[in-house]
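Here's a structure for you.
The values are calculated or read from the model by the stated rules, or taken from the named source; none is laboratory data. Treat the numbers as computed from the prediction; the structure is a model and nothing was measured. Virtual Cβ from ideal backbone geometry, glycine too; neighbours counted across all protein chains shown.
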Amino acid sequence: MTNKYRNVKTVVDGIHFDSKIEAERYKVLKLLKKCGNITNLEVHPKFVLLKGFTDNKGKKVSQITYSADFRYIDLKTNSDIVEDVKSEATEKDKAFVIKWKLARYIYPEIDFRVVK
């Protein structure tokens with residue numbers, strides 16, 4: 001099945017990925033984990049960008065989250081790394097750009113990376 005960016009959804013190890021490229025990156029990260037280069041590999045970690053709240057009219061507003069593709073610890077640098085696999089087109093998606101900026105601001109201790 002393809003979407004507006006012509007990505008082909010793919011399943012590896014029972015995990016659903018939005019594209020073949022994202023699934024391939026997962027395979028590489030699994031190998032890096034097996035070799036002892038990275039640890040704590042997470043797939044599709046979520047980050048809260050804005051907690052839910054009740055507005056001044058009593059209406060509940062749901063939280064805003066950012067879901068990355070991967071998160072892991074690089075054992076060579078002891079860095080907490082979050083990756084998002086993007087093409088040239090998906091990297092320019094307006095919602096992604098806003099959430100990406102907010103995540104980097106709210107979580108400055110994390111090394112956020114776009115992988116192409």
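Check region 102-113 and report whether any residue there is touching a residue at least 40 places away in the same chain (Cβ under 8 Å), part of a loop (DSSP other than H, G, I, E, B), farther than 20 Å from Lys9 by Cα and of a type outside the set (Val, Ile, Thr).
yes
Let me ask something else. Modelled with pLDDT of 95 or more and in a helix (DSSP H, G or I): does that describe Leu31?
In short, yes.
Can you tell me which residues in region 68-92 are part of a loop (DSSP other than H, G, I, E, B), in contact with a strand residue (DSSP E or B) (Cβ under 8 Å, 6 or more places away or on another chain) and surrounded by fewer than 18 Cβ atoms within 10 Å (Cβ to Cβ)?
So in region 68-92, the residues part of a loop (DSSP other than H, G, I, E, B) come out as 68-69, 75-78, 86-89.
In the following step, the residues that additionally are in contact with a strand residue (DSSP E or B) (Cβ under 8 Å, 6 or more places away or on another chain) were identified as 68-69, 75, 86.
Residue satisfying the conditions is Leu75 alone.
Suppose we keep only residues that are among the polar types (S, T, N, Q) and without any contact (Cβ under 8 Å) to a residue 24 or more places away in the chain within region 58-101. Which one would you say is nearest to Lys46 (Cα to Cα)?
The qualifying residue nearest to Lys46 (Cα to Cα) is Ser67.
With the checklist (1) surrounded by 15 or more Cβ atoms within 10 Å (Cβ to Cβ); (2) out of contact with any Phe, Trp or Tyr (no Cβ under 7 Å at 6 or more places or on another chain); (3) closer than 21 Å to Lys116 by Cβ in hand, flag the one item Ala103 doesn't pass.
Result: Ala103 fails condition (2) only.
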